[in-house]
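The next block holds one structure in the form of structure tokens; read it before the comments.
What follows is calculated from the coordinates using simple rules that are stated; it is not laboratory data. Since we're looking at a predicted model, the values are computed, not measured. Please note: Cβ atoms are built from the backbone with ideal geometry, for glycine as well, and neighbour counts cover all protein chains shown.
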Amino acid sequence: MSSDLRDAVFVLNAGSSSLKYQLVHPDTGVVVAAGLVERVQNHRDALAGVFEQLAADGIDLRADTGALCAVGHRVVHGGQTFYQPTLITDEVVAEIERLSALAPLHNPPALLGIGAARELLPGVPNVAVFDTAFFHGMPDAATTYAIDRDTAQQYGIRRYGFHGTSHEYVSSLVPGLLRKPAADVDQIVLHLGNGASASAIRGGRAVDTSMGLTPLEGLVMGTRGGDIDPGILLHLDRVAGYTSADTDELLNRRSGLKGLCGDNDFRAVTARIEDGDEAARLAYDVYIHRLRKYVGAYLAVLGGADAISFTAGVGENAAAVREDALAGMQRLGIEIDPERNAVRSGEARIISTDESAVTVFVVPTNEELAIARQSAALL
Ligand code: ADP
């Protein structure tokens, strides 16, 4: 076994029909191998196929499992049980299974990935890193929905928040970029990918975030609409006989950019706007309007911020979104520098003017590295 595998972590992100993996060194961030398998029918077979392919490329994980530090799994929902990276045992698997009620689309495939890794790489420790973990300690005022207390308690209804690994990773880099102690930094992170979420962070701790009990709340996303009047669902129930399956489909697949213009990929939406497409234009405008509302809300929650960071596919690449999301906010201490904002780079960078009281950053996220580091730190 090649020595460059020693202490590497195999990071696995199992979706309902996909497996995303990365073999990475937690200390250096060096990626030994990475890939995405789509149209997965059987997670065990798909992972076995990945290991075969890696072995053919000279990286035989199954022949020398002793080289690997851990398999790190992205698990979406940790409920109130898990808020630290957790060594996976049968009991942990059972609890993640129980939490599937809160994340029926996400926790079951993660469990399939965990089962496959435990079977195929016996003896390698498996670690679960939860998307909800970073938001665990938010104030009650932010996590509590204003509904009947007993009902909420009985069914575990509260704001959990998601994309926590990304919000934590990005926000942890900002104090260094500002050359300030972490405890003194109030910041907003805008994670804009297929899914999208915003968070308000004070001194390294999350105090609010836009996703809620599920990843449906908050910002406009690729196929999810974020905040809506809950009365819309009652109305559709009454006038159109919507079942819970219909509602699920509307909220998860027929909303957001997709629902508004038929495309969920941001690049496609942008291209259509350039061609004068009005539905795409409206979809973009709704997306930006919601983003601005959350920026305003979190500036108020924090009483002003030192930094705002954009991250993930849209946040890192779409300069127009960054400009439009923060345009005309000079009175709030926010001023984007158009030249800095136009720079394309894989590095963390400042895009605000030197006069801007709030420093605006683009900070590329790296959830795989964060999962690898948390897994290695646990062991
Ligand atoms: P995920 O949430 O699946 O991890 P990503 O963070 O990769 O998603 O973000 C995917 C989104 O980023 C897609 O909507 C894609 O169109 C958008 N995106 C990627 N590159 C660009 C780009 N150069 N300009 C605008 N949008 C982009």
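Observations on the structure shown:
- Least to most buried among His167, His43, His25 (fewest other Cβ within 10 Å first): His25, His43, His167
- Whole-angstrom gap from segment 209-237 to segment 248-278, using each part's C-alpha centre: 16 Å
- Of interest is the spacing of the C-alpha centroids, which for segment 44-92 and segment 111-177 amounts to 18 Å.
- The chain: antiparallel DSSP beta bridges as a percent of all, rounded to 5: 60 percent
- Once the Cα gyration tensor of the chain is diagonalised, semi-axes √(5λ) in Å: 33, 26, 22
- In this calculation the C-beta distance from Ala34 to Arg6 is compared with R0 = 22 Å, giving a FRET efficiency of 0.75.
- Taking the charge dipole of segment 2-130 about its Cα centre, with +1 at Lys and Arg Cβ atoms and -1 at Asp and Glu Cβ atoms, the residue from Ala14, Val24, Asn126 reaching farthest to the positive side is Ala14.
- Cβ-derived FRET efficiency at R0 25 Å, Asp27 paired with Thr65, nearest 0.05: 0.80
- Relative contact order (percent, whole number), the chain, Cα cutoff 8 Å, 6+ residue spacing: 15 percent
- Computed from label points 7 Å out along Cα-Cβ, the spacing between Ala342 and Glu95 is 5.3 nm.
- Considering only Thr359, Thr144, Thr209, the mean-square fluctuation computed in a Gaussian network model of the chain, springs between alpha carbons under 10 angstrom, is largest for Thr144.
- Helix 244-253 and the longest principal axis of the C-alpha atoms of the chain enclose an angle of approximately 80°.
- Orientation-averaged projection of segment 2-130 equals 7.4 nm² [convex hull of Cα atoms, one quarter of hull surface area].
- Cα gyration tensor, segment 270-312 - rounded (a/c under 1.5), prolate or oblate: prolate
- MRE, 222 nm, helices only [DSSP H, n ≥ 4, -39500 (n - 2.57), over the chain, to nearest 500]: -12000 deg cm²/dmol
- GNM result for the chain, Cα springs below 10 Å: residue of Gly164, Gly49, Gly259 fluctuating most strongly: Gly49
- Descending Cα extents along the principal axes, segment 178-367, whole Å: 56, 39, 33
- Each Lys and Arg adds +1 at its Cβ and each Asp and Glu adds -1 at its Cβ; summed about the Cα centre, the chain shows a dipole of about 340 debye.
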